[in-house]
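The values are calculated or read from the model by the stated rules, or taken from the named source; none is laboratory data. Computed from a predicted model, the values in this text were never measured in an experiment. Backbone-built Cβ (ideal geometry, glycine too); neighbour counts: all protein chains shown. These accessible areas exclude ligands, DNA and RNA; they are computed on the full protein's heavy atoms, side chains included. Shrake-Rupley method; radii C 1.70, N 1.55, O 1.52, S 1.80 Å.
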Amino acid sequence: MIKIVIAEDQRLLLGALASLLDLEEDMTVVGRAGNGEEAIRLVELHQPDICIMDIEMPSKSGLEAAEELKGCCKVIILTTFARAGYFERALKAGVSAYLLKDSPSEELASSIRNVMAGKRIYASELMDEAYGGGLDNPLTEREKEVLGLVADGKNTKEIATELFLTTGTVRNYISVILDKLGVSNRIEAITRFKEKGWFK
């Protein structure tokens, strides 16, 4: 019997997924979590074979939980977001599968069985983006640092002070960041970076 913990913050979907998987003869849902924190606790408690996890959840995201659960059980990410940055981070966390919520329901059960057999399964939309070159973050470590401080609401002078740079250097960094991300202002840069899932 394959023991499963499901983490999903939408209660209706959580119930539906659990009911669906409990109908499978070789599967049993041993725990239901509403966020990443609960998921980790339930995995420690029940020692399941698989944890199915949404990404965007309160208190701890599915990716943060997956990073903590590395080696404890197999993790399947089930999300609405086909974002390259999320996918990249999920791969680093060693998840066994990354599936999208608009996949057919029978696909989930067969994916679980395949993961148990040692296979890795990733949604084709993500593979297209990954191998189409859409996966890499174009910013250097320093540029990411600058953009992170911009996202924290800091102005040019504050960033310069924090990073021991001149304000002119910070302005140069910001114009390079906008150029690399193909956007025209700081707000758009932050939005683009978030959409790609590149903020750690």
Matching residues in the range 1-27 - criterion: being under 13 Å from Ile112 (Cβ atoms), touching a residue at least 24 places away in the same chain (Cβ under 8 Å) and open to solvent by 10 Å² or more (accessible area, probe 1.4 Å):
Met1, Ile2, Lys3, Leu17, Leu20, Glu24, Asp26
Return the total of residues in the range 28-75 being closer than 17 Å to Gly94 by Cα, aliphatic (A, V, I, L, M) and touching a residue at least 40 places away in the same chain (Cβ under 8 Å).
4
Per the filter on the range 187-200, residues open to solvent by less than 80 Å² (accessible area, probe 1.4 Å), touching a residue at least 24 places away in the same chain (Cβ under 8 Å) and either assigned to a loop (DSSP other than H, G, I, E, B) or not hydrophobic (A, V, I, L, M, F, W, C) (or both) are Lys196, Gly197, Trp198, Phe199
Considering only residues that are among the hydrophobic types (A, V, I, L, M, F, W, C) and assigned to a strand (DSSP E or B), look in the range 84-121 and name the one that is surrounded by the most Cβ atoms within 10 Å (Cβ to Cβ).
Ala97
Only unsatisfied item for Thr167, checking (1) of a type outside the set (Phe, Trp, Tyr); (2) touching a helix residue (DSSP H, G or I) at 6+ places or on another chain (Cβ under 6 Å); (3) buried (at least 17 other Cβ atoms within 10 Å of the Cβ), is (3)
Can you confirm whether the range 47-57 contains a residue that is open to solvent by less than 60 Å² (accessible area, probe 1.4 Å), touching a His at 6+ places or on another chain (Cβ under 6 Å) and among the hydrophobic types (A, V, I, L, M, F, W, C)?
no
Whether any residue in the range 122-133 is part of a strand (DSSP E or B), modelled with pLDDT under 95 and open to solvent by 40 Å² or more (accessible area, probe 1.4 Å) is what I want to check.
yes
Suppose the filter is open to solvent by less than 10 Å² (accessible area, probe 1.4 Å), outside any helix (DSSP H, G or I) and closer than 30 Å to Leu139 by Cβ; does Val75 pass it?
yes
